[in-house]
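The structure under discussion appears below in the form of structure tokens.
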Amino acid sequence: MIIAVVGPTGVGKTKMAVALAKKYGAQIISCDSMQVYKKLDIGTAKVTAKEKESIIHHMIDICDVNADYSVYNYQKDARAILNKLVASNINVIIVGGTGLYLKALLYNYEFKNIEEKRSFSEFTNEELYEMVLKINPNNDIHVNNRQRLESYLKNHNKDDGIKKNSELLYNTVFIGLTMPREKLYNVIDSRVDEMINGGLLKEAKSLYDNNTSGKSIKTAIAYKELYEYFDGNLSLDGAVDLIKKRSRNYAKRQYTWFKNQMNVKWFNVLLNDFNTTINEVVSYIQIQNK
RNA sequence: GGCUCUGUAGCUCAGUCGGUAGAGCAAGGGACUGAAAAUCCCUGUGUCGGCAGUUCGAUUCUGCCUGGAGCCA
């Protein structure tokens, strides 16, 4: 049995995953693009040893903060684990908020091995767009989306359109956790405050002092803003507000993905009565497995 | 008390030489195959502080009232 627990940041996915893992004797595979990195603990809301409740968690702390980890690596690594667990008849709970990683793990996404790393810095957006159009006349990547245009040009192999109908490869029950938007935003805001009070500044400062500056730092919300603060470009309050804002924006994007990319059954999370939510989810899973 | 500036979208502000307004951010929706906690797309009617005057017509000019900021006493 494979269960995927999805939803925006801050809804309680970690807690739900552990509860379900205990219930079904399952192991957990994390599906989070930032929790794969070591040393990014507080800011990524990584599960603590205590929260794990001795459930086995995979795909957390698997690479160096300075490493360049991507969906390509994730798919390879996570599938290896998933296949092994499935073969051993062990139940699996996949939890995480990184939609693309989840999809790459469970659907027929295919990535090529890239040898040469081409640079496209000499081209304008329009030129890149034309280049993509030549390869794929049905291209629907927007001209302004340079990042994706470059990515397409780097990764496509002649005559194969990157886009394929995505097909689910593993029989999976998708559980989505949600709550009213306003409530979620309040939870996110106060969670950021808790992180700050819980040692996030110290964690980020020690990375900063060690000149840690990989892709992870540039991408991860909280770290990139605190680096701006350490550099003197932002006040502490300004940085904290930015972290909150970007976390909220991120949560909204997560909803868009999970609502439209996969068939998710949504459950409203009751903050003061999480057990009720757990029971609802469990009874839904029971029905699905009949 | 006097002088000056100011009150326009949830926020910061533009603007209309008089014909009822527009950006950024927020917010909402969407896309997504190697940065994905990323990147990008779409969506802007709001008594233009209140009342009155001038005018065919005022958010725009004038007067008064009122909220805010500063300077002088």
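The values are calculated or read from the model by the stated rules, or taken from the named source; none is laboratory data. This one's a predicted model, so the numbers in the text were calculated from it and none came from an experiment. Here the Cβ positions follow ideal geometry from the backbone for every residue, glycine too, while neighbour counts run over all protein chains shown. For the accessible areas, the whole protein counts, side chains as well, though only heavy atoms, and no ligand, DNA or RNA atoms are used. Shrake-Rupley method; radii C 1.70, N 1.55, O 1.52, S 1.80 Å.
Brief remarks follow.
- Rel. contact order, % - alpha carbon contacts under 8 angstrom, at least six apart, chain A: 27
- Pairwise centroid distance, computed over Cα atoms, of region A:7-75 with region A:187-255, Å: 19
- Ellipsoid equivalent to region A:168-290 - semi-axes via the Cα gyration tensor, in Å: 35, 17, 13
- Stretching A:K252 away from A:N165 to a fully extended chain increases their span by 28.8 nm, per 0.36 nm per residue minus the current alpha-carbon distance.
- Anisotropy class of chain A from Cα gyration tensor, a/c 1.5 cut: oblate
- Taking a straight Cα-Cα cut-off under 12 Å and skipping sequence neighbours fewer than 8 places away in the same chain, the aspartates and glutamates within cross-link reach of A:K15 are A:E51, A:E53.
- Ordering of A:181-192, A:268-279 by burial proxy (mean other Cβ atoms within 10 Å per residue, highest first): A:181-192, A:268-279
- Computed with a 1.4 Å probe over protein heavy atoms only, the accessible surface of chain A comes to 54 Å² per residue.
- Apportionment of accessible area to carbon and sulfur, chain A, percent (1.4 Å): 47
- Beta bridges by DSSP in chain A, antiparallel share as percent, to the nearest 5: 5
- Think of chain A as a dipole: +1 on every Lys or Arg Cβ, -1 on every Asp or Glu Cβ, centred on the Cα centre; then among A:T219, A:N66, A:Y37, A:Y37 lies furthest on the positive end.
- Basic side chains Lys and Arg get +1 at the Cβ, acidic Asp and Glu get -1 at the Cβ, and with that the dipole of region A:109-224 about its Cα centre reaches some 200 debye.
- Kirkwood estimate for region A:1-122, i.e. one over the average of 1/r between Cα atoms, Å: 15.2
- Prolate/oblate/rounded label for region A:94-151 (Cα gyration tensor, a/c 1.5): prolate
- Mean residue ellipticity (222 nm) of chain A, computed from DSSP H runs ≥ 4 via -39,500 (n - 2.57), nearest 500: -15000 deg cm²/dmol
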